[in-house]
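Shown next, in C-alpha cells, is the structure this report addresses.
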Amino acid sequence: MVGIRSYGGYIPRFRLNRMAIFGNMGWLNPANMMNAQGEKAVANFDEDSVTMAVAAALDCIKGFERSEIGGIYFASTTAPYKERLNANIVAGALAADERIRTADFAGGIKAGTTAVIAALDAVGAGSVNNVVVAAADCRLGKMGSPQELLFGDGAAAVLVGDEDVIAEYKGSFSSGYDFVDHMRGAESRFDRQWEDRWIRDVGINQFIPEAINGLCEKFGLSPSDFSKIIYPTYYGGARKKINKVLGLEPEKVEDNLQVSVGDTGTAHSLLMLAKTLEQANPGDKILLVSYGSGCDALYFEVTENIKKLAPRRAVSGHLARRADLDNYTKYLVWRRIVPADLGLRGEEDKWTRWSLVWRKHKLILGMLGSKCKKCGTQQFPDQRICINPDCGAVDEMEPVYVSDKGGRIFSFTSDMLAASTNPPAMYGGVDINGGGRFVMDFTDCTLDDLAVGKPVEFTFRIKFYDSKRDITNYFWKAIPISEEAE
Amino acid sequence: MRYVHLPIDEEIRSVGGYYKILKEGVFEFKGKKVIYVLKAAHVDTSCCGAGGLGFISVPGFLMSYKSEKNENGLPVSEVKKILDEDDRKSIRNELLKKYPYISVVDFG
Amino acid sequence: MAEGIKDKVVILGMGCTRFGERWDASPEDLLLEAFLECIEDAGIDKNDIQAAWLSTHIDEINVGKGGNFLGLTLHLPYLPITRTENFCASGTEAFRGACYGVASGAYDIALAVGIEKLKDTGYGGLPDSPAFGQMAQMIMPNATAPGMFAQLASAYSARYKIPMEKVKEAMTHVSWKSHQNGAKNPRAHLRRPVTKEQIMGSPMIAYPLGLFDCCGVSDGCACAVVTTPEIGSKIKPNEDLVKVKALQVSVSSGEEIWYNKWDGAGMITTRTAARKAYEEAGIKDPRKEINLMEVHDCFSITELVTMEDLGISEAGKAPEDILDGFFDLDGQIPCQSDGGLKCFGHPIGASGLRMLYEVYNQLLGRWPEERAVKDAQIGLTHNLGGVPNQNVCSVAIIGRD
C-alpha cells in the first residue's frame with residue numbers, strides 16, 4: 001500500500017501583525033487596508049526556504065530511521081540556489097544517506113503537490129521507497145503591495161512510502177495552465193500579479209473546481225464523499241463560490257491559515273494537509289488540491305496507522321510557539337528588501353572555500369560527531385584522536401550525528417558588539433546530551449530564556465550570507481526549550 | 001542606598017569607548033517615584049568589536065532627592081533598590097514604550 | 001630532565017613607545033621610537049645584535065608577514081629574523097625566542113621586538129579575520145572577545161557560589177585600580193582616573209561585562225635586548241641587569257571547548273604555565289615571593305580569575321583579595337602598576353614586551369616615586385591570547401638577585 005507514512009510542519013516563530021505593515025505602508029496604498037487583518041508568519045533573520053524545509057522534514061521523520069530515507073524532494077519557488085541542488089542541502093541536514101534520489105521542484109506553486117505525486121509514483125513503481133517531500137516558501141512582495149500582506153513563510157513535509165502508511169494514496173488529477181496570475185522572472189525577487197478579479201474569476205474559480213470534479217469523475221465519487229477537502233486561496237469570495245458550486249459543506253473545508261500564517265506558496269496545501277492529519281481518523285477520505293500554474297488534486301484515505309503515529313508539532317504546535325515581530329523594518333532588513341549599514345567591518349570579505357566545505361560537509365550540514373570505540377566518549381565535532389585525555393585512542397571512532405540529541409547550556413552571553421542583523425548576538429557553551437561540548441549561537445529566544453543548565457534543541461539555520469557572491473552558508477544553532485518539552 | 005548624580009552630557013571615557021548621561025527622569029509608579037537615567041554609549045576602540053547602544057539605569061525608588069553631596073561635590077540622592085521582578089518588568093515596559101530601541105534597562 | 005633557563009639570560013636594555021591611537025606614526029616610526037630607546041639603554045650598537053625575533057598578531061594591515069619588516073626598517077645586516085605569532089602571547093614569544101637563542105649559546109646578543117599598528121582599519125576593534133581558521137568561520141558563532149570572556153564571569157559566580165553583584169564589585173575595583181595607575185603614566189593610552197560610580201554606571205557590552213571591563217586596541221611597539229650574564233656584566237654594572245628566571249607557555253588541548261570536564265571558571269593553561277614557571281624559577285610560595293605583576297587584563301574578569309590561576313589568591317578568594325587592595329599600587333603585590341591593557345593600551349604583538357618593560361623598570365627602581373613599586377626583586381608577567389576555551393598563555397618571571 002503506497003501513501004503517506006508521516007507528516008510535519010513548520011511555521012517560523014515570528015509573526016508580523018498585518019496592521020503594523022499597513023501602518024507603515026498604508027499611506028502609499030490605502031486600499032490594502034482590506035488585506036491588513038491578522039498576522040503573517042515571518043522567517044527569522046537566519047531562516048530561509050531551505051532551513052524551514054529542514055525543520056518541517058525533521059518534524060516529519062521524528063521516530064523514523066534516517067538510514068531508511070530513499071529520496072528527498074524539495075519544492076520551493078524561493079530556493080536560495082538556482083544551481084546547487086537545494087534538496088542535497090536538506091538531505092545533508094537530515095544526515096540521510098547520500099546514495100539516494102534527490103530533486104528540486106520549482107516554477108509554479110503547485111510544485112509542492114507535484115513533488116508528492118512524483119514521490120508516490122516512484123514508490124508505487126518500486127524504484128525508491130521512503131521519500132521525504134519538503135516544501136517551503138518565503139515569497140516577497142514589494143513594500144506596500146498586497147502580496148507583502150498576504151504571503152507568509154512556512155514549510156511542510158510528508159514521508160511517502162509503502163509500509164505502515166497513515167493515509168493511503170488512491171490517485172490524482174492534474175492540470176497545467178500557462179495562466180500567469182503571479183510571476184517572477186529569473187532576475188526578479190518580488191512577486192508580480194495581474195488583476196485580482198481576473199485571477200479569482202478566471203483562475204481559481206475555474207481551475208480548482210475542474211480539478212476536484214476531474215478527480216471525482218475519475219474515481220466515481222462526488223465531493224460530498226470526502227471528509228475533508230483542502231484547497232488554498234486567500235480570496236474569501238472565491239472560497240464561498242467554490243464551496244457553493246461544488247456543494248461543499250464549509251466545515252469540511254480546511255481552514256486556509258490566512259489569518260494566522262499567510263499564503264506559504266508551494267508549502268501551503270501541504271501545510272493545510274498536515275493540519276488535517278493532526279486530527280484525522282481512520283477511514284477519513286481526504287481530497288488535497290493545490291493551485292498555481294494549474295492544479296493537482298490528490299485523493300487519500302486515512303488508515304488505522306494514524307493512531308500509532310506519535311504526535312508532532314506540525315501546524316498546531318508551531319502556531320502556539322509564537323512571538324511578535326515588533327518592527328516592520330526588521331522584516332525589511334532581514335529579507336534584504338532595503339540595504340542596511342552594517343559598518344565597515346560588515347564589508348570585510350567572508351569566503352566560502354568549497355573544497356573545504358566538501359571535506360567537512362557531514363559536519364557542517366549534518367552535525368557529525370564521533371564516538372570512541374575504546375572508551376565510549378561521544379564528542380563533537382568529529383575527532384580522530386579521542387578527546388578524553390585518559391583515552392587518546394587514534395582513529396577508533398564511529399560516526400554519530402548529534403543534531404537530534406539536544407543539550408544543556410553550559411555558559412552564555414548576550415553580546416552587543418558582535419556583528420548581527422538581530423543584535424544582541426546570543427551564544428555560549430552547550431553540553432551535548434550524551435557527551436561533547438561546543439560553542440553555539442542561540443536563536444529564536446531572548447536573554448531571559450537563557451540560563452546555565454537549561455535544555456536546548458538544535459535547529460538548522462543560515463550561518464552567514466555572502467552578499468558579494470550570493471552564497472548562503474548553513475550550520476546548526478541552539479534554541480532554549482522548557483524542561484517539559486525536552 | 002545612595003545614588004550619586006553624575007554630570008549630564010559629559011563624556012566618561014574608557015579605553016574601549018565612552019558613554020554619556022543624556023538625561024535623568026522621574027516618573028510615578030504605584031504611588032512611588034522611580035528615578036531613571038538615560039545614557040548612550042559608543043564603543044569605538046574596544047579590542048574586539050565596535051558598536052554602540054542606548055541604555056537606561058534605574059537606581060530605584062526615590063526616597064530623597066539630592067539631599068546631600070559626596071566627597072567630590074556631586075549631589076547624592078537616597079534611593080530604594082527595586083527588587084520585585086513584576087515591578088521591574090512593568091517599569092522596563094513603561095520605559096521601553098517611552099524610549100524605543102533602548103538595548104538595556106538595568107536595575108543595578 | 002630539562003633544567004630551564006633560570007639565570008642564563010639577562011635583559012640588557014628595553015624600549016617602549018607611548019601607546020595609543022598613533023595617527024601620527026607609521027609602523028616604522030613606532031619601531032624606531034622603541035628601538036632607539038632600547039639600544040641606548042642597552043649601551044650597544046645596532047651591529048652588536050646577532051639575531052632577532054619579531055612579534056605581530058595581525059599582519060595583513062600591519063607590517064606584513066615574515067621578518068622582513070624588522071630587517072628592512074632597521075637595515076639589519078642580513079640577520080636571522082623570525083616572526084612570532086601566538087595571539088596575545090606573541091610579544092612574550094619573541095622574547096622567549098631571543099632568550100632561548102642566547103641561553104643555547106647560539107648567539108651572544110639577541111633582539112626581541114613586538115609591534116602592532118591597528119588604527120588603519122577604518123573601524124574600532126581588531127580586524128575581522130578567520131583567526132581560528134576557515135572551518136571555525138563555517139561552524140562557530142560570530143563571537144567577540146568580550147562575549148567569550150564574559151562567560152567566565154557567569155561560570156565563576158556559579159562555581160564558587162559568589163553572587164554576581166560581588167563579582168561585579170571586584171571587577172569594578174580591578175578596572176578602577178588600572179585607571180588610577182594609568183593616570184600616573186605618561187606613556188599610557190588612557191590617562192584619566194575614573195570613579196567607581198562612573199564604572200558601575202557604564203553600559204553592559206556583553207553580560208555581565210561593562211564598558212570599563214574591556215580593554216581597547218592601540219598602536220605601539222616595545223622591544224628588549226638580551227644577552228648572557230657574562231657579557232652583560234662587561235657592559236653594565238650587575239645591579240643594572242635583570243635576570244630571566246622563567247619563561248613558560250601553555251596552549252589549550254581542546255578539552256576546554258570539546259570535552260565536558262572544564263568548569264569554565266578559570267584557565268587551565270594559566271594554571272599549567274604558572275606551575276611550570278614557579279618550578280623553573282624555584283618559587284615555592286608565589287604569594288610571598290612575587291613582588292609585582294603585569295597580567296593580561298583584557299577584561300576585568302580575566303584579571304580576577306588569573307589571580308587564582310597563578311596561585312596568588314586561593315580558589316574562590318580573588319574577589320576578597322581584590323577588594324582588600326592586595327593588588328593595588330600600595331598593596332602587597334601591585335598588579336598593573338602601569339595601567340595594564342586597559343589604560344596603557346593593547347597593541348597585541350607588543351603587549352607581552354610592554355609588560356616586561358614595566359616590570360624591568362620597576363625592578364631597576366627607575367620610575368618616579370608616585371608610581372614606584374618599592375624594593376621589588378621578583379616580577380611576573382602573564383599573557384592570555386585567544387578565547388577562554390581555546391587559548392594561549394605565557395608566564396614570564398624576571399628578577400634581580
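Values in this text are rule-based calculations from the coordinates and carry no lab data. In this text the structure is predicted, and so the values were computed from the model without any measurement. A quick note on method: Cβ atoms are made from the backbone with ideal geometry, for glycine too, and the neighbour counts reach across all protein chains shown.
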Summing Lys, Arg as +1 and Asp, Glu as -1, what charge do residues with Cβ under 11 Å from the Cβ of B:Arg13 carry, B:Arg13 excluded?
0
At 37 °C and 0.692 mPa s, grab the translational diffusion coefficient of region A:213-336 from Stokes-Einstein with a Kirkwood Rh over Cα pairs, rounded to a whole number in µm² per second.
203
Checking the a/c ratio against 1.5 first, then a/b against b/c, what shape does the Cα gyration tensor give for region B:30-89?
oblate
Of C:Ser129, A:Ser49, how do they rank once you tally other Cβ atoms within 10 Å and put the fewest first?
C:Ser129, A:Ser49
Can you list the HN-Hα couplings for region A:364-375, worked out from phi with the Karplus curve (6.51, -1.76, 1.60; θ = phi - 60°), rounded to whole Hz and with x for Gly and Pro?
5, 7, x, 6, 7, x, 8, 10, 6, 6, 7, 10
Alpha carbon convex hull of the protein assembly as shown, volume per residue in cubic angstrom:
181
Filter the DSSP H helices in chain A by two things, a Kyte-Doolittle mean of at least -1.0 and an axial alpha-carbon span of 20 angstrom or more, and list the hits by number.
A:205-219
Relative contact order (percent) for chain C, with alpha-carbon contacts under 8 angstrom and 6 or more residues of separation?
26
Sort by residue number and name the cysteines in chain A that have no neighbouring cysteine Cβ under 4.7 Å.
A:Cys60, A:Cys138, A:Cys216, A:Cys295, A:Cys445
Just name one of C:Leu353, C:Asn389, C:Ser157: the one whose Cα is farthest towards the positive end of the charge dipole of chain C (beta-carbon charges, Lys/Arg +1, Asp/Glu -1).
C:Ser157
Based on DSSP H runs of at least 4 residues, each adding -39500 (n - 2.57), what is the mean residue ellipticity at 222 nm of chain A after dividing by all its residues, to the nearest 500 deg cm²/dmol?
-6500 deg cm²/dmol
Rough spin-label spacing in nm, given labels placed 7 Å along Cα→Cβ, for A:Glu163 and B:Lys80:
6.9
How many partner chain Cβ atoms sit within 10 Å of a residue's Cβ in peptide A:438-445, on average, as a whole number?
3
Scalar couplings 3J(HN,Hα) for region C:126-131 by Karplus 6.51 cos²θ - 1.76 cosθ + 1.60 (θ = phi - 60°), nearest whole Hz, x for Gly and Pro, are 6, x, 5, 8, x, 5
Dipole moment magnitude, nearest 20 debye, region A:432-486 about Cα centre, only Lys, Arg, Asp, Glu C-beta charged:
440
Those chymotrypsin sites (Phe, Trp or Tyr not before Pro) from region C:13-49 that are DSSP loop and have at most 12 other Cβ neighbours within 10 Å turn out to be C:Trp23
Computed ³J(HN,Hα) along region C:94-110: with the Karplus parameters 6.51/-1.76/1.60, θ = phi - 60°, integer Hz and x for glycine or proline, the list is 5, 5, 4, x, 5, 5, 5, x, 6, 4, 6, x, 5, 9, 7, 10, 9
Of the beta bridges DSSP finds with both residues in region C:257-401, what % are antiparallel, to the nearest 5?
70
Using +1 at the Cβ of each Lys and Arg and -1 at the Cβ of each Asp and Glu in region C:1-144, identify which of C:Thr92, C:Ala131, C:Ile109 lies farthest towards the dipole's positive end.
C:Ala131
Computed [θ] at 222 nm, deg cm²/dmol, chain B (DSSP H ≥ 4; -39,500 (n - 2.57); rounded to nearest 500):
-4000 deg cm²/dmol
At what distance in nm do the modelled label points of B:Lys69 and C:Ala106 sit from each other, each positioned 7 Å from its Cα along Cα→Cβ?
6.6
Cβ density ranking, 10 Å radius, fewest first, applied to C:Thr272, C:Thr92, C:Thr144 yields C:Thr272, C:Thr144, C:Thr92
Place a +1 charge on the Cβ of each Lys and Arg in region B:2-106 and a -1 charge on the Cβ of each Asp and Glu, then give the dipole magnitude about the Cα centre in debye, rounded to the nearest 20.
240
Which percent, nearest 5, of DSSP beta bridges in chain A are antiparallel?
80
Mean residue ellipticity at 222 nm from the helices of chain C, using -39,500 (n - 2.57) per DSSP H segment of n ≥ 4 over the full residue count, to the nearest 500 deg cm²/dmol?
-11000 deg cm²/dmol
Counting Lys +1, Arg +1, Asp -1, Glu -1, what net charge surrounds B:Tyr3 among other residues with beta carbon under 12 Å of its beta carbon?
0
Trypsin sites (Lys or Arg not before Pro) restricted to DSSP loop in region A:246-344 with at most 12 other C-beta within 10 Å
A:Lys308
Distance between region C:67-130 and region A:43-116 - C-alpha centres, whole angstrom
51
Which one of A:Ser67, A:Gly23, A:Ala106 is farthest out on the positive end of the charge dipole of region A:22-106, using unit charges on Cβ (Lys, Arg +1; Asp, Glu -1) and the Cα centre as origin?
A:Ala106
At R0 = 30 Å, how high is the FRET efficiency between C:Trp23 and A:Glu347 if r is their beta carbon distance? Nearest 0.05 is fine.
0.90
Shielding of C:255-266 by partners, i.e. mean partner chain Cβ atoms within 10 Å per residue?
5
Rg and Dmax [Cα atoms of region A:11-135; Å; Rg one decimal, Dmax integer]:
17.8, 57
Shape call for region C:267-387 from the C-alpha gyration tensor, a ≥ b ≥ c root eigenvalues: rounded (a/c under 1.5), prolate (a/b greater than b/c) or oblate?
rounded
Based only on Cα atoms, what mean projected area does the convex hull of region B:1-68 have, in nm²?
5.5
Only residues of region C:247-268 count here: report those whose backbone N is under 16 Å from the spot 7 Å along Cα→Cβ of A:Cys375, or say none.
C:253-263
Let's see if you can work this out: charge +1 on each Lys and Arg Cβ, -1 on each Asp and Glu Cβ, no other charges. What is the dipole magnitude of the protein assembly as shown about its Cα centre, in debye to the nearest 20?
1320
Normalising by the residue count of region A:3-334, find the relative contact order in percent from Cα pairs under 8 Å and 6+ residues apart.
27
Partner chain Cβ atoms within 10 Å, averaged over the residues of A:349-357 - can you pull that number for me?
3
Relative intensity, log₁₀ I(q)/I(0), of chain C from a Debye sum that treats every alpha carbon as a point, q = 0.09 Å⁻¹:
-0.47
Around C:His382: net Lys/Arg minus Asp/Glu count, Cβ-Cβ under 12 Å:
-3
Inter-label distance for A:Glu68 and A:Asn29, nm, one decimal - labels placed 7 Å from Cα along Cα-to-Cβ:
4.7
For region B:2-106, averaging the sequence separation of alpha carbon pairs under 8 Å that lie six or more residues apart and dividing by its residue count, the contact order in percent is 24
